[in-house]
Structure formats: C-alpha cells, structure tokens
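FYI, it's all coordinate maths here, none of it is from the lab. Since we're looking at a predicted model, the values are computed, not measured. Counting neighbours? That spans all protein chains shown, and the Cβs are built from the backbone with ideal geometry, glycine included.
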Ligand SMILES: [Zn+2]
C-alpha cells in the first residue's frame, strides 16, 4: 500500500500526464462502459459512460485515476445498472497474455511481483505465437483487425476487431479459448490408432490443418533444434536425448504421418503433454479469463497502469512488436530526480539505462524509474528520511561507498540524458 506522500506525489504525476494526453478514446466510445481504480483496487468504480473523446479527456485530466478500464462490449445504455439493463450489442475479442502464467524459469530468480526482461520477452513470444500460429491461420482473422498493446505491467493485450467475432456469446468464446489453450482437444482425432496395441501409430502430418499440423510442426521444429527445445515441450531429458539421436528418422517419420519411429510408453499421455506445451498459456482462472467474459473491463490502451506508472502502450503494428521495448517505449513520466528509499531491488533497465541492484539504498532516480519502484512496492518516497540520511552519509562514506555513489551519479546523469532525449 502506498504511503500518503507517495499517493499525493503520484496523483500529481498522473494529473500532469493526463492533462497532456493524446486521443485514447476507443472505437464506439459512447457505447462503452468505463471503470476506474485507485491505488488499492484496479476497478473501484464502474458503469461510467462518455459521450465523446473530449468528455473522457476532461474526466481523465480532472480525476487522474491510477487505473482506467473500458468494456470490450458495446451497449445500448453503457451506464445502465444492473448489467442486464445495459443492452449488450456485441464485444471485441480480447486475449490477455501475462508472464506470470508462462511458468518461466526466471520466476526462481526474482520475487514474483518483479518483472525482468525475460518475463517481458516470454510474454512477447507468446503473443506472437497466438497471432501468427492461431488467430491468423486457424481463425482467419485479418492482421489489420488485430491490435496489440502492452498491458502496463507484465504482458500484452491482444484486441481483435472482427464483425463475425463481435456477436459471439460466452460459449463460443469459451470454445475459441479452449482451442488456443489446447483444452479438451481429442488426441484420437489425429492419432486414430492411439492406445491400440500392436498397431502402427498413425499421426498428423505437418501439412494438416489445425492442431494436428501444429503438433507435427512443433515436434519437428523442436527435434531439429535439439534436446533443450524438446525439454521446453515438457519432454524428459532421456526421451529428449533419444529423439535428438534419432532426429533424421523421427522427422522423416512424422513428415509421412508415421509416429512409430519414436518408442515411447504411454504415448497418449506423452503427446497430450507436448500438445499442452505448444498451446497458448492463458490464465484459466474464471475471473481473469478475459476472452470468455463478454462483460469484462480491460485496461484502456494509452492510459497508465497504477502498479508501475507505465503506459498500456499500443504497439504501432504487429510487425513492430518484435522490436517493441515497453521499458523504453511505455514510459510516462519525466526524468526529474526523485529521492527514494529502496528495499531489495534486482537490476533493471529503463529508457536504455541500467539501474541497480539496490538494497535498502537511499538514492535519487529519474521520476520514471523512481515511480516504477515505488508503485511496484520496492521503494518509498519519503524526502525527509532521504535528506536526513544523506547528511549522515557525507561524514561517513567509505572509499567503496564513494565509488558506488559515483557510479550511481553516472547512472542518474545518463538516465536524465535519455529521459530528455
Ligand atoms: Zn522474469
């Protein structure tokens, strides 16, 4: 929870950000419901509606809310209460990819609330896979109808605007979600002989459509890339090594639909597990399953995420996603120096500048980096404490501390340079 000084300071930063904001109005703004949060709850107030962009812009500049969400749905009466009285007209299809659902190895290297560059890269790779391997080829959605924005914290939101998808109800959305996450996929539909003794295991070929082709291509790609890629598919080391040793034979087999080149017990379980690892990892929790809840409120692209101070920045195009760096491009606040006291903070990079690691440090950082740490709960902003401490430090600095101070000042100077550039 933020202290009084901290919240007052951030309200000021937010007000300044929202007073100079560009157009963040979603398509069909007058039919959307809006919700707003404070520093404790992401959605504290909902059932708001705005006539047009100017009215929304005025509200944001005046209230400077830490979280701004809008409905994926359009309604006849977006401010109606209860939900049934709103008159649901349809909803965009939205997917939420979050690094915390990806079971990344870096989870063991940093606190769960921290986000490292591997978390962000993992979320980006999953987003790319969702669009390139599912939304475009399997569902036929047009690339120009798909927009991606950084969530503002540890992932990406993928919005699909499609006339056909707009009217889909919760059940149809659940089927889409099940397909991309590999839920309820019947292995027997592409392994007709699986589980039958003494019969050759016939399986999918790379040219097959849907999940069969995906599985064949996924396994071939992993076999060609070696043991560690196979282990990323959830295959145990000894099996992965065996597959790598026999790679030429295995690839040739799968290419012709013969999956019996691989001698594996419990084949059903084995391939089901591999399939799960090729599938998209979305949170299964009902309250977080954005894709299937037709009344869901989601962060408005272009607004700030109150747990990081970063913007839920819209990526220019799907092609631009590969080079998109949220820790540079989603920065909202300036580079003025802010004194903070940190807890234990892993090293991180913002605006191309390396910061940290810190441990109980009293330091000055550019506003964007200081606010990132404070809002994430890794630092506090208490000017009195920081000033008192810096006076004491002046008398007692050891050589090592002086060197560290010099390094820090260089970081700070560089950061300022970047922030203004
Ligand atoms: Zn990480």
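Rg and Dmax in Å for the chain, alpha carbons only: what are they?
Considering the chain through its Cα atoms, Rg and Dmax are 25.1, 83 Å.
Helix 210-225 sits at what angle to the longest principal axis of the chain, using alpha carbons and giving 0 to 90 degrees rounded to 10?
Helix 210-225 sits at roughly 80 degrees to that axis.
Extending each Cα 7 Å along its Cβ direction at residue 15 and residue 209, get the distance between those two points in nm, one decimal.
Inter-label distance under the simple model: 5.8 nm.
In percent, what relative contact order does the range 160-271 have, based on Cα pairs under 8 Å that are 6 or more apart in sequence? If you can, show how the numbers build up before the last one.
Numbers: 102 pairs, mean separation 24.8, N = 112.
About 22 percent, as a whole number.
Please work out the Cα center distance from the range 248-276 to the range 218-234, rounded to the nearest Å.
What the calculation gives is 12 Å, centre to centre.
For the range 88-136, take the alpha-carbon Rg, divide it by the Kirkwood Rh, and send me Rg/Rh. Please list the in-between numbers first.
Numbers: Rg = 13.7 Å, Rh = 12.3 Å.
Reported Rg/Rh, Kirkwood definition of Rh: 1.11.
Give, in nm to one decimal, the length gained when the segment between residue 109 and residue 277 is fully stretched (0.36 nm per residue of separation minus the Cα-Cα distance). Before the final figure, lay out each step's value.
Working: separation 168, 0.36 × 168 = 60.48 nm, distance 2.20 nm.
Gain on extension, residue 109 to residue 277, equals 58.3 nm.
Normalising by the residue count of the chain, find the relative contact order in percent from Cα pairs under 8 Å and 6+ residues apart. Before the final figure, lay out the partial values.
Details: 703 pairs, mean separation 67.7, N = 421.
Computed value for the chain: 16 percent relative contact order.
At a Förster distance of 45 Å, what's the computed FRET efficiency of residue 245 paired with residue 45, Cβ-Cβ distance as r, to 0.05?
Values: r = 61 Å, r/R0 = 1.35.
FRET efficiency, residue 245 to residue 45: 0.15.
If you split all Cα-Cα distances of the range 91-201 into 5 Å bins from zero, what percentages do you get per bin, shortest first?
Final binned percentages: 2, 10, 18, 18, 15, 13, 10, 8, 5, 2, 0.
What's the angle, to the nearest 10 degrees (0 to 90), between helix 170-181's Cα axis and the longest principal axis of the chain?
80 degrees
Sort 197, 46, 32 so the one with the fewest other Cβ atoms within 10 Å of its own Cβ comes first. Walk me through the intermediate numbers first.
Numbers: 197 5, 46 17, 32 23.
Sorted ascending by nearby Cβ count, the order is 197, 46, 32.
At a threshold of 8 angstrom on Cα-Cα distance, excluding pairs fewer than six apart, so keeping six or more, what relative contact order does the range 43-135 reach in percent?
On the way: 59 pairs, mean separation 18.2, N = 93.
Result for the range 43-135 is 20 percent.
Between the helical axis of 267-278 and the dominant principal axis of the chain, each derived from Cα atoms, what acute angle in degrees is found, rounded to the nearest 10?
Value to nearest ten degrees: 30.
Rounded to two decimal places and with Rh computed the Kirkwood way over Cα pairs, what is Rg over Rh for the range 42-130? Don't skip to the answer; put the middle values down first.
Details: Rg = 18.0 Å, Rh = 16.4 Å.
Over the Cα atoms of the range 42-130, Rg/Rh equals 1.10.
What distance in nm lies between label points placed 7 Å from Cα along the C-beta direction at residue 228 and residue 8?
The modelled label-to-label distance comes out at 5.1 nm.
What shape does the range 1-68 take by its C-alpha gyration tensor, where a ≥ b ≥ c are the square roots of the eigenvalues and a/c under 1.5 counts as rounded, a/b above b/c as prolate, and the rest as oblate? Don't skip to the end; give the middle numbers.
Details: a/c = 3.15, a/b = 1.56, b/c = 2.02.
Judged from the Cα gyration tensor, the range 1-68 comes out oblate (a/c at least 1.5, b/c at or above a/b).
Mind checking which of 144, 31, 11 has the largest fluctuation in a GNM of the chain, springs on alpha carbons under 10 Å?
It is 144.
Hey, in the GNM for the chain with a 10 angstrom Cα cutoff, which one of 20, 234, 203 fluctuates hardest?
Ranking 20, 234, 203 by mean-square fluctuation puts 20 first.
Tell me whether the range 187-278 comes out rounded, prolate or oblate; compute the Cα gyration tensor, take square roots of the eigenvalues as a ≥ b ≥ c, and use a/c under 1.5 as the rounded threshold.
Rounded, since a/c falls under 1.5.
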